[in-house]
Structure formats: C-alpha cells, structure tokens
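**Q** Following this message is one structure expressed as structure tokens.
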Amino acid sequence: MTTATHLFHSLPPIVSFPAANSSAGVRSQTTSLNVVSASRRSRDDDYHATLKALNSKGRFPRKSLGQHYMLNSEINEQLVRAANVDEGHVVLEIGPGTGSLTNVLIHSGATVLAIEKDPHMVALVKERFESTNRFKVLQEDFVKCHIRSHISPMLESRKALNESLLRAKVVSNLPFNISTDVIKLLLPMGDIFSEVVLLLQEETAVRLVESSLRTSEYRPINIFVNFYSEPEYNFSVPRTNFFPQPNVDAAVVTFKLKQAPEYPSVASTKSFFSMVNSAFNGKRKMLRRSLQHICPSNEIERALGDAGLPTTSRPEELTLDDFVKLHNMIARV
C-alpha cells in the first residue's frame with residue numbers, strides 16, 4: 001500500500017496563486033477573491049489532510065478518472081465565494097474526491113448533492129459527512145446521470161421557504177477530461193441551475209470565455225456557451241496546488257445561466273446548432289459552400305445578404321447574433 005509519507009515526498013511545495021488578471025480585459029479583478037485575511041480560521045482541509053484521507057483508503061489518484069486533488073484550502077474557499085453560496089442553497093458538486101470543497105460548501109450553509117464515480121471516494125465522503133443531513137452522495141458517472149430527477153425534489157422542498165432558492169448552483173473542481181461534456185450537459189439547464197462555477201484547465205477556461213472572431217480558437221462551443229450563459233473568468237490556479245500535479249494550470253469560471261425566455265430567438269434550437277456545427281466542419285470554406293447540404297448555394301447567399309452579412313462569409317467571422325439571423329433567414333426559405 002502507498003503510504004502517506006511516500007505521497008508527501010512526491011509533492012512540490014504549495015504556492016499561493018496570483019492575482020486574477022493575467023492579460024485579458026474580461027477577467028475579473030475582484031479583490032475579495034485574491035486577498036486572504038491573515039487572521040483566517042484554521043482549515044480542516046489542506047495539503048496534509050487531503051493526502052491523509054487518500055491514504056486512509058489506500059488510494060492513489062487514478063489517471064483514467066482525471067483525478068487531481070486540490071491541496072490548497074484557500075482556493076476551495078474562494079471558489080465557494082465566487083459562487084455566492086449562502087445559507088439554504090442547494091449545490092451540485094461533481095467529483096467531490098476527499099470532500100475538501102464539500103466541507104466548505106456545507107459550512108457555508110448549503111445542502112450538497114455530490115456525484116462521484118469512484119466507489120472508494122464515495123465511501124470516504126459518506127463516512128466523513130455522515131453526521132450531517134445536508135449532504136448526499138450518489139455513485140454515478142455524471143455524464144450518464146439523470147441529474148434533474150435528483151435535483152428537482154430537493155428544490156421542491158424549498159419553494160415554500162424562499163423564492164430565491166428555486167434554482168440550485170453547481171460548484172465543482174472538475175476532472176479535466178470531462179469538462180466539455182459536463183458544460184454541454186449543464187448550460188441548457190437554466191430552469192434548475194442559476195449559475196455553474198467550475199475549476200477548469202486554464203486553456204479551456206480562456207478559450208470558453210475569451211475566444212475572439214477570426215481566431216483558430218473560435219469554435220462551436222463558444223456559440224453554445226454564449227447562447228445558454230454569460231461566462232466570466234474569475235481567477236487562475238497554478239498547477240502546484242494539485243496532487244498529482246497536472247501538466248497545466250487551472251482557472252475558475254462562472255457561467256450565469258440564462259432561462260428559456262432569455263435565449264436567442266431561433267426557429268429551432270436543434271437545427272440551429274446543427275447548422276453551426278456544419279458551418280465549422282468546413283471552417284476554411286465560405287458558408288455558401290459548407291451549408292449547401294441545407295439548401296442551394298444561391299439561397300445561402302440570399303440568406304446571408306438578408307441577414308446583413310457578406311455573401312463570402314466564413315464561420316469564424318460570425319458572432320452568435322449573426323448565426324441566429326442567418327439561421328432564421330434560412331428557415332424561411
């Protein structure tokens with residue numbers, strides 16, 4: 001069995017993370033997220049506690065599950081503050097691991113539903129939080145989980161208490177290898193979630209929030225994210241805060257979810273995203289060619305013109321609003 005001592009020797013020292021704004025103007029510079037009081041309370045979860053918890057189950061992080069455990073409790077607290085978690089909130093956490101973030105959520109007054117794929121970690125957090133009635137863990141693969149059936153009853157029980165509690169929040173230190181799948185599942189759920197706050201791979205975070213027109217990073221996921229939410233980059237997290245240390249840094253992003261009446265008005269959501277994906281499949285092609293399986297090129301050109309766009313337009317040149325206009329014009333053909 002791998003001992004805690006061996007785990008300690010494999011780790012670099014923990015370092016504090018830098019201020020939020022590295023280069024891009026859209027990144028939040030909220031001082032409260034970057035300044036930690038010198039008189040802060042003692043924490044139950046840190047470098048040693050996390051490794052001790054892993055060792056208690058004879059566990060070593062599994063690469064196949066994308067497991068990288070947070071070793072800096074300050075970051076967990078800042079993650080929870082970024083989500084504005086307060087008394088009475090219902091919070092979904094994906095991949096609780098040893099429960100270090102879970103612990104901060106519960107102490108903030110939230111009721112937590114955790115989804116964990118690893119049965120050993122399920123046993124660990126069940127044991128850790130057995131004394132509270134504000135925690136439930138399900139052993140499931142989140143991307144295959146029917147999350148509505150689990151969250152909706154928890155929200156129903158709060159309707160009589162406070163209208164502001166009618167939607168839940170998602171707060172999670174995600175395994176990097178499922179982040180895109182999770183985002184695609186969660187963002188269209190604005191009817192049950194008000195915001196989704198995730199710790200993601202830095203490169204993914206920047207791409208989702210800051211990708212600009214006419215760049216190689218501009219992709220269908222950018223259209224998807226902005227269709228269903230308002231994304232905001234919160235702060236960066238150096239790789240030295242994780243065990244095992246990944247090859248990349250991380251960052252926290254908030255997605256404020258829109259509800260259905262706030263979505264861009266399209267004739268059909270399904271056909272809209274089908275058109276967007278088709279457009280980007282031929283990224284270097286003009287839309288009059290990449291979309292000709294939908295309708296003839298001359299009709300695509302007419303739709304582009306009616307939408308106020310050049311007939312030579314390519315997908316990386318269109319904003320979300322441009323794609324909405326084009327789709328609705330084509331739907332009328």
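**Q** Residues of the range 190-213 being open to solvent by 30 Å² or more (accessible area, probe 1.4 Å), over 19 Å from Asn277 (Cβ atoms) and either of a type in the set (D, E, K, R) or in a loop (DSSP other than H, G, I, E, B) (or both), which ones?
**A** If the condition is that a residue be open to solvent by 30 Å² or more (accessible area, probe 1.4 Å), over 19 Å from Asn277 (Cβ atoms) and either of a type in the set (D, E, K, R) or in a loop (DSSP other than H, G, I, E, B) (or both), then Asp191, Glu202, Glu203, Glu210, Ser212 are the ones that fit.
**Q** A further question follows. Name the single residue that is nearest to Ser100 (Cα to Cα) among those in the range 245-261 being modelled with pLDDT under 95 and in contact with a Phe, Trp or Tyr (Cβ under 8 Å, 6 or more places away or on another chain).
**A** Pro246
**Q** Consider Ile221 carefully, then state whether it is among the aliphatic types (A, V, I, L, M), crowded, with 23+ Cβ neighbours inside 10 Å, under 19 Å from Thr269 (Cα atoms) and in contact (Cβ under 8 Å) with a residue 40 or more places away in the chain.
**A** Criteria not met by Ile221.
**Q** Go through the range 101-128 and give me each residue that's open to solvent by 10 Å² or more (accessible area, probe 1.4 Å), of a type outside the set (D, E, K, R) and more than 18 Å from Tyr69 (Cα to Cα).
**A** Ile106, His107, Ser108, Thr111
**Q** Which is over 29 Å from Leu165 (Cα atoms), open to solvent by 10 Å² or more (accessible area, probe 1.4 Å) and modelled with pLDDT under 60, of Ser56, Ser42?
**A** Just a single option satisfies the conditions, and that option is Ser42.
**Q** Here is a list of conditions, (1) open to solvent by less than 40 Å² (accessible area, probe 1.4 Å); (2) more than 20 Å from the chain's Cα centre (by Cα), and Thr98 meets all of them except one; can you say which number that is?
**A** (2)
**Q** While we're looking at this one, here's another question. If a residue has to be of a type outside the set (D, E, K, R) and either touching a Pro at 6+ places or on another chain (Cβ under 9 Å) or over 13 Å from Ala279 (Cβ atoms) (or both) to count, how many in the range 308-318 make the cut?
**A** The qualifying residues number 5.
**Q** Same structure again: Scan (1) touching a strand residue (DSSP E or B) at 6+ places or on another chain (Cβ under 8 Å); (2) more than 23 Å from Glu316 (Cβ to Cβ) for the single condition Val209 breaks and write down its number.
**A** Val209 satisfies all of (1) touching a strand residue (DSSP E or B) at 6+ places or on another chain (Cβ under 8 Å); (2) more than 23 Å from Glu316 (Cβ to Cβ) except (2).
**Q** Out of the residues in the range 156-180 that are part of a strand (DSSP E or B) and touching an Asp or Glu at 6+ places or on another chain (Cβ under 9 Å), which is surrounded by the most Cβ atoms within 10 Å (Cβ to Cβ)?
**A** By that ranking, first place goes to Val171.
**Q** Which of the residues that make up the range 279-321 are among the small types (Gly, Ala, Ser), in a loop (DSSP other than H, G, I, E, B) and surrounded by fewer than 19 Cβ atoms within 10 Å (Cβ to Cβ)?
**A** Gly282, Gly308
**Q** Collect the residues in the range 226-239 that are open to solvent by 30 Å² or more (accessible area, probe 1.4 Å) and in contact (Cβ under 8 Å) with a residue 60 or more places away in the chain, keeping them in residue-number order.
**A** Asn226, Glu232
**Q** Shifting gears a bit: As an exercise: evaluate Ile183 against (1) open to solvent by 10 Å² or more (accessible area, probe 1.4 Å); (2) part of a helix (DSSP H, G or I); (3) touching a helix residue (DSSP H, G or I) at 6+ places or on another chain (Cβ under 8 Å) and give the number of the one condition it does not meet.
**A** Failed condition: (1).
**Q** Could I ask something else about it? List pairs: first residue in the range 120-149 and over 18 Å from His89 (Cα atoms) and small (Gly, Ala, Ser), second residue open to solvent by 30 Å² or more (accessible area, probe 1.4 Å) and modelled with pLDDT under 95 anywhere in the structure, Cβ distance under 8 angstrom, at least six positions apart or on different chains.
**A** As it stands, the answer is Ala123/Lys57, since those pairs meet every condition given.
**Q** Could you say whether any residue in the range 260-272 is in a helix (DSSP H, G or I), under 22 Å from Asn328 (Cβ atoms), touching a helix residue (DSSP H, G or I) at 6+ places or on another chain (Cβ under 7 Å) and of a type in the set (A, V, I, L, M)?
**A** So far as the range 260-272 goes, no, none of its residues is in a helix (DSSP H, G or I), under 22 Å from Asn328 (Cβ atoms), touching a helix residue (DSSP H, G or I) at 6+ places or on another chain (Cβ under 7 Å) and of a type in the set (A, V, I, L, M).
**Q** Could you please tell me which pairs satisfy a Cβ distance under 6 Å, a separation of 6+ or placement on different chains, a first residue in the range 244-270 that is acidic (Asp, Glu), and a second residue that is part of a helix (DSSP H, G or I)?
**A** Sorted first by the residue in the range 244-270, then by its partner, the pairs are Asp249/Glu202; Asp249/Arg239.
**Q** For the range 110-131, name all the residues that are acidic (Asp, Glu) and modelled with pLDDT of 90 or more.
**A** We begin by selecting, within the range 110-131, every residue acidic (Asp, Glu); these are 116, 118, 127, 130.
Those that are acidic (Asp, Glu) and modelled with pLDDT of 90 or more: Glu116, Glu127, Glu130.
The values are calculated or read from the model by the stated rules, or taken from the named source; none is laboratory data. Owing to the predicted nature of the structure, the values given are computational and were not obtained by experimental measurement. All Cβ positions, glycine included, derive from the backbone under ideal geometry; neighbour counts span all protein chains shown. Side chains are part of the model used for accessible areas, which takes the heavy atoms of the whole protein and leaves out ligands, DNA and RNA. Shrake-Rupley method; radii C 1.70, N 1.55, O 1.52, S 1.80 Å.
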